[in-house]
Amino acid sequence: MIMEPQPGNPNEVEGVLNPAAIRAPDGQLYLFPRLVASGNYSRIGIARVLFDGAGDPIGVERTGMALEPEADYELSENGGGCEDPRIAYVEPLQHYVMTYTALSRHGPRIAIAISQDLLHWRRIGLATFHPYKTIAFDGVDDKDASVFSVPIPGPFGQLAIALVHRPLFPGTRPEEKVRHPYAKDIHRESIWISYCHVAAKGQEHRLCEFGSHHRLACPEAEWEHLKIGGGAPPVVCRHGWLMLYHGVHDIPQPSPAKPKLCYSAGAMVLSKEHPNKILYRSPEPVLEPDSPLELYGTVENVVFPTGIDRRDDLGTPDRFDIYYGMADQRIGVARLDVPETLPRNLE
């Protein structure tokens, strides 16, 4: 456990969780945790990660606030929120790009902000989506978004900024599917990649319109059969793009009226040249709740990865530190080592 609510801090009284993790220009690692005040009112803070002599993370130093609800799309009748950020440095834009969940009166939506120094953020607005065949993406609840750090080939051959996200189509929430397990549409309960044709610095204002959607992954294994969604942003590893994601399953209970859910994390490796192709997908979770801080908290049985740090600073590019929410109350960090060969190939 690396971060927990600060005693007496009203901004954190209901939890600190689900942080973005990113290196600053000077090499320092920063977390951008979701800070939850009374009434589930969320802000996005800034905290510098502290390391021991061996280079392992041991704590944080709070340094300020990145975003708090101000825009209309971040406000609701009961307050609102800026939640669950992911951050990547997008090379052609020469900016850090934050994707986060804006909780408005219309429900959760994907919002985008940019920064040059990680301290000062400028809102771009809500992401908008073209329809896909008969599926309307715009106006649908959406979460768990992150962007690739470099342009990737879009479906029509053009380089584009790609967004991983998870639309919440009606009837596909875990609570609904537990009660009506045969009503799910497997083709919609998915992680999607959508594309925005922004190619260079100075075009940041266009970083909100996405189309050419591709269904990347649907629930498959039992541990993720109710829902899957994005986790930490995709980062390059020796095999391609490494992407941590989350899966949800139900824990059998005496009363089906009160389902108990479990959030675990899996790993995918996507093709470096064509990231809409999955090279590897872990058949079992790579991280699942088993410690008391993961089993008990604001929401029980939850590990939720949102930040990833490749340890180039230690000369170990196959080591990745994963920052994740623990039971929606605290932040933990785990180490993942990428093997020389993939355990299983889906080709």
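Rank by packing, highest mean first: peptides 130-139, 293-302, with packing defined as the count of other Cβ atoms within 10 Å averaged across residues.
On the way: 130-139: 12.6, 293-302: 18.3.
Ranked by mean Cβ neighbours within 10 Å, highest first: 293-302, 130-139.
With the cut-off at 15 Å, report for the stretch 63-152 the share of all Cα pairs above it, as a whole percent. Counting pairs separated by more than 15 Å, the tail of P(r) holds 61 percent.
Model label points for Asp56 and Leu293, set 7 angstrom from Cα along the Cα-to-Cβ axis, are 1.3 nm apart. All alpha carbon pair distances within the chain were sorted into 20 Å bins beginning at 0; the resulting P(r) in whole percents reads 32, 63, 6. Please check: in the Gaussian network model of the chain (C-alpha springs, under 10 Å), which one of Gly231, Gly53, Gly107 has the largest mean-square fluctuation. Looking only at Gly231, Gly53, Gly107, the largest GNM fluctuation is found for Gly53. Note that the chain presents 42 Å² accessible area per residue, ligands and nucleic acids not counted, probe 1.4 Å. Size of the stretch 269-308 from its Cα atoms: along the principal axes, largest to smallest, the extents are 41, 20, 14 Å.
Radius of gyration over Kirkwood radius for the stretch 213-347, both on Cα atoms: the Rg/Rh ratio is 0.99.
The mean sequence separation of alpha-carbon pairs under 8 Å and at least six residues apart, normalised by the residue count of the chain, gives a relative contact order of 14 percent.
Carbon and sulfur atoms: what percent of the 1.4 Å accessible area of the chain do they account for? Don't skip to the end; give the middle numbers.
Details: 7460 of 14720 Å².
For the chain, the apolar C and S fraction of the accessible surface comes to 51 percent.
Please count, across the chain, the pairs of lysine residues with Cα atoms under 14 Å apart that sit 8 or more places apart or on different chains. Taking the chain as the scope, the lysine pair count is 6.
To the nearest 0.05, how large is the calculated FRET efficiency for Arg122 and Gln253 if R₀ is 56 Å and r is the Cβ-Cβ distance?
Values: r = 46 Å, r/R0 = 0.82.
That pair, Arg122 with Gln253, gives E of 0.75.
Shown here: the stretch 85-127, whose C-alpha atoms stretch 33, 18, 15 Å along the first, second and third principal axes, sorted largest to smallest.
Mean residue ellipticity at 222 nm from the helices of the chain, using -39,500 (n - 2.57) per DSSP H segment of n ≥ 4 over the full residue count, to the nearest 500 deg cm²/dmol? Can you show the working numbers first?
On the way: 2 runs with 10 residues, N = 347.
It lands at -500 deg cm²/dmol.
Each Lys and Arg contributes +1 and each Asp and Glu -1, all at the Cβ; summed about the Cα centre of the chain, the dipole is approximately 760 debye.
Scattering from the C-alpha atoms of the stretch 21-103 alone, worked out with Debye: what is log10 I(q)/I(0) at q = 0.13, 0.24 1/Å? Calculated log10 I(q)/I(0) at the listed q: -0.48, -1.13.
Under 10 °C and 1.306 mPa s, how fast does the stretch 207-264 diffuse according to Stokes-Einstein, given a Kirkwood radius computed over C-alpha pairs? Answer in µm²/s, whole number. Let's see the in-between values first.
Working: Rh = 13.9 Å.
In µm²/s, the coefficient is 114.
The values are calculated or read from the model by the stated rules, or taken from the named source; none is laboratory data. Predicted model only: the values in this text are computed from it and were never measured. Note: ideal-geometry Cβ built from the backbone for every residue, glycine included; neighbour counts use all protein chains shown. Each accessible area value is taken on the protein alone, full model and side chains, heavy atoms only, with ligands, DNA and RNA left out. Shrake-Rupley method; radii C 1.70, N 1.55, O 1.52, S 1.80 Å.
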